[in-house]
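Worksheet for the structure shown next.
The numbers here are math on the coordinates, done by the rules we state, and not lab data. It should be emphasised that the depicted structure is a prediction, and the values quoted were computed from it without experimental measurement. All Cβ positions, even for glycine, are placed from backbone atoms using ideal geometry, and neighbour counts span all protein chains on display.
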């Protein structure tokens, strides 16, 4: 058996190193291709006068709840619809300590049905059917404007549909919608959905885990103030 020279051993070692490096690079590329990209850092701001935001709109949950979430949304916005299950989960998880108030942020340039949808939920609320109409509108987000508003109101359980129809034609809810849009400017909201959680503003459709984390922080803060 021929004895390897020092040069042979050097060449063999070089080959092994090159193979190991190639495998390492291949592994890094494969992981980069297969694994999802890292989530961007969560960006929040704080709005000092957040309690004033809860003074109008439609609240689900107790007025005395230590954590108050104000949601600004548009019924023709699919991203706003996607955050609805998160809100429902939070209300189910924290029935005594979390309340949610809905307000309007209409993107009428791209959502031509947004205003009529907002008025329809206000008219349904006059008959105590805000929550059900709210759900019906989001369930119908892709077909808003194609189904008569009275039909959607019927699905939501609005009893006096004649009064609902008259309400849809009246201008009485325009001031409330305008007040919501003024609040949007005051808070500095630039996208929907937007959630203000005891003053902490987060924009965009965040996951339940992200929003729940912010709620837990708010609960801890509320506990510290008691």
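Below is a table of values for the structure above.
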{"item": "Which of 79, 102, 94 has the fewest Cβ neighbours within 10 Å, and the rest in rising order", "result": "79, 94, 102"}
{"item": "Cβ-based exposure ranking for 219, 90, in which fewest neighbours within 10 Å come first", "result": "219, 90"}
{"item": "Space enclosed by the convex hull of the alpha-carbon atoms of segment 143-183, per residue, Å³", "result": "96"}
{"item": "Orientation-averaged projected area, Cα convex hull of segment 170-222 (nm²)", "result": "4.8"}
{"item": "Prolate/oblate/rounded label for segment 45-225 (Cα gyration tensor, a/c 1.5)", "result": "prolate"}
{"item": "Kirkwood Rh in Å, taken over all unlike Cα pairs in segment 121-226", "result": "16.3"}
{"item": "Antiparallel DSSP beta bridges within segment 45-225, as percent of all bridges there, nearest 5", "result": "60"}
{"item": "For 206, 142, order by how many other beta-carbon atoms lie within 10 Å, fewest first", "result": "142, 206"}
